[in-house]
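Below: one structure, written as structure tokens.
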Amino acid sequence: MKKILLFRTASLFIASCISLLALAQNFTLRGSITEKGNSPVPDASIILVGTNKATTSDADGNFRFSGIASGDYTLRVAALGFGPKEQRLTVSGDTRADLQMDAGAIDLKEVRVSSGNDRTTTSMISAIDRDLRPVQTAQDLLKMVPGLFIAQHAGGGKAEQIFIRGFDCDHGTDLYVTVDGMPVNMVSHAHGQGYADLHFVIPETVERIHVFKGPYTTRFGDFSTAGTVEMDTRDQLEHSEVKVEGGMFNTFRGLAMIDLLGKDKHIFSKRPENLYVAGEFVHTDAYFDAKQDFNRSNIFLKYSGLLSDRTHLAVSASTFGANWNASGQVPQRAVAEGIIDRFGAIDSDEGGNTSRTNVNATLVTRLRNEASWKNELYYVKYDFSLFSNFTFFLEDPVHGDMINQRDHRDIVGYNGSYTQHALIGDKPLRWTAGAAVRADQSYIQLLHAQERVITDTVRSGHLDQINPSAYMDATLDLSKRWSINAGLRYDVYDFNYTEDRYDSLSGNKVDSRTSPKLNLYYQAKENVQLYLRTGIGFHSNDARSVVISGSENNLPAAYGVDLGSTFKVAPRVLVNAALWGLYLESEIVYVGDGGTTEINTPTQRLGADLGVRYQISDKLFADLDVNYAHGRVLDVPSSENRIPLAPEITTIGGISYKQDKGWNGTLRYRYIGDRPANADNSVVAQGYFLVDAGASYRFTKLEVGISVENLLNTEWNQAQFDTESRLFNEAAPVSELHFTPGTPFFLKGVVSYRF
């Protein structure tokens, strides 16, 4: 009897120890957040109810909690544009929980600001804007970036001039742009370094826009100085759609997006798959005296699906073409003297054509050791021909100064990354190792022309440029409040340019750049994040300037720092505020309009950004962005240290009324202040204040609406330059402001049908 009692007592003691040990054991809870079709939902707010644990999903929709004790829990998930969702689960070991979100109305109460994730600042704000603001053109996509302004000055077919954070980025020299991981910027382009023509994108196919201001994100290299804009296209369509738009100035746009698979059809497996095609055609004569006869066509095809439970494949192909006439920039004196009116042209033969074809494939594999492996291959076929005349009869008083810039290019590239979640002690660590290579082969020409007939060759040659790169990036949660992100990037450039006729303008140069990053995040309290970001970025110089000058500074560095906060002052009020500074080294610039090089001295920019998003009611939203930049050229006298065309004060804002059915509307403004057009500020680029509006009524499947640009019919200038030019029979050249007039009052109607 005593033996039985002793045995039972020992058994009870052992069982109690095992139970206590199990209760004391900490486990890991991981999972993924997706929408229908298995597309990842990044930046989702994930809370483990009843604990102090909260996080956000990463770019691939994955999340992780460590140190979870055994027990029953409720996982609560919310994301912009999706209805909130909860899932009950039991943790008795390492556990996985995958949730699928359903589309829903925007509710800023569901937005959670958390530390250690730079995607939750300007990217979060852009996600709100993307859902609320009307997007009708590719240019509207760039306008989603807080503080970014654009200007068009060549008939609508040329890439826009970009202004952000005290930079006149030209067409992309200091702003990196990607679509589905594929670079948009063109290196050593015929018209300008970093040329980023986004018109090959059909705006309705873009699902997310992520914004990274400054040179602080390790996976971005060339051109990522003022910042990066990363766009992701939809993996699937919620519905098929046809849309027709028409308006003033003989403007027409047709769009069709068709789901080719539907719900029950499959191609490779019985797992979720999606296949859709989108097509767009645009025509306008625009508002100039000489008809622009602008035509653009786009076709986009995309497949996405699960090849296995752990492998996702996305393949897309697109082709784009455009041709147009342009009025170009006009001198103030020609308008003042009545030679032309504001919408006239000195040389009406300007214009051009361009095309781009892309093939892109991305394979993401989720491994069993909490790691993911991403591989992307892309190919681009690109053609560009632009006729311009900026100086009229300055160089050739008889035949004129028209030039033709041509670029015929092939690009092949690869992006790869390996991401691992791990622990250092009990502290979560997420690290990524990446490698990439991009190879450009191009035939670039600068030609003289008259009435679009070629008369002489100024420069022509073959470009072979290769950029391999590698990086390491890691984010460590030091505590519940502190996290640190550190990264190191290494880029190598092999510049090779062969001039057709002049051996002295040919050459080869190899250079490299190391770019470290260090970012700190502090969760001051719930929904209050403080951050300090530091890093070195760069943009490459044009290969022609590199081989001609022989300079040692071919990859000028940009040293940046941001001190800021993202916080909520109320459940439905989201604010981002930052003070920032950026120092850019001297650079050798290739002037594509003249075939020459010039040296720019270092520049310094200091500024402040403020962004506010306020949900007034369930259906009414307000937004405001105010940006200030103080930029100066260094190492020159103070009387000549202004940065030409650099914006100083900009602000945009508006109100939006949005619902699933019934009336929707928006009223918006944009303002940019006067700014110097030259180094001594003797010529001033004129600022403007514009108001746009739109309204629509949505039935179950049908939507009709109108939009108005420049509601007040303000007289304003888009692109503006201090240019020396000479008119026909003019005795001497004149240096003054030349401008492209901005859009007058422009009314457009739209009808769309979803099925």
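Read-outs throughout are calculated quantities, based only on the coordinates presented, and are distinct from any laboratory measurement. Computed from a prediction, not measured in an experiment: that's the story for all the values here. Note that each Cβ is placed from the backbone with ideal geometry, even for glycine, and that neighbours are counted across all protein chains shown.
Where only DSSP H runs of four or more residues are counted, the chain gives -2000 deg cm²/dmol as its mean residue ellipticity at 222 nm, each run worth -39500 (n - 2.57). Across the stretch 116-220, the volume of the C-alpha convex hull divided among the residues equals 111 Å³ per residue.
Over the chain, calculate the relative contact order: mean separation of alpha carbon pairs under 8 Å at least 6 apart, over the residue count, as a percent.
Value for the chain: 10 percent.
The protection proxy used here, the mean number of other Cβ atoms lying within 10 Å of each residue, ranks peptides 73-80, 90-97 as follows, highest first: 73-80, 90-97.
For the residues 544, 613, what sequence is obtained by ranking on other C-beta atoms within 10 Å, fewest first?
Listed from fewest to most nearby Cβ atoms, that is 613, 544.
Distance from the Cα centre of the stretch 353-382 to that of the stretch 205-257, in angstrom? Here the answer is 17 Å between Cα centres. Rounded to the nearest 20, the Cβ-based charge dipole of the stretch 446-516 about its Cα centre (Lys and Arg +1, Asp and Glu -1) stands at 460 debye. Sorting 248, 472, 182 from the fewest to the most surrounding beta carbons within 10 angstrom yields 472, 248, 182.
Note on the chain: dipole from Cβ charges, positive end direction compared against 294, 218, 498; the farthest Cα belongs to 218. With the highest mean first, a sort of the peptides 658-665, 689-696, 140-147, 217-224 on other beta-carbon atoms found within 10 angstrom per residue produces 217-224, 140-147, 689-696, 658-665. In the chain, taking the dipole from charged Cβ atoms about the Cα centre, the farthest positive-side position among 84, 671, 579 is held by 84. With 20 Å as the limit on Cα-Cα distance, the pairs of 36/85; 213/509; 109/658 that go past it are 213/509. About the centre of its Cα atoms, the chain shows a dipole size close to 4640 debye [charges on the beta carbon of Lys, Arg (+1) and Asp, Glu (-1) only; nearest 20 debye]. Projecting the Cα atoms of 65, 655, 134 onto the dipole axis of the chain, where Lys and Arg carry +1 and Asp and Glu carry -1 at the beta carbon, places 65 farthest toward the positive end.
For the chain, the longest principal axis of the Cα atoms and the long axis of helix 122-132 meet at an angle of about 80 degrees. Of all aspartates and glutamates in the structure, the ones whose alpha carbon falls short of 17 Å from that of residue 53, not counting any fewer than 8 places away in one chain, are 43, 72, 86, 94, 110, 426, 477, 526.
Geometric descriptor of the chain, per residue, is 168 Å³ (volume of the convex hull of the Cα atoms).
Looking at the chain alone, DSSP beta bridges between its own residues are antiparallel in about 95 percent of cases. When 291, 509 are sorted by how many other C-beta atoms sit within 10 angstrom of their C-beta, beginning with the fewest, the order is 291, 509.
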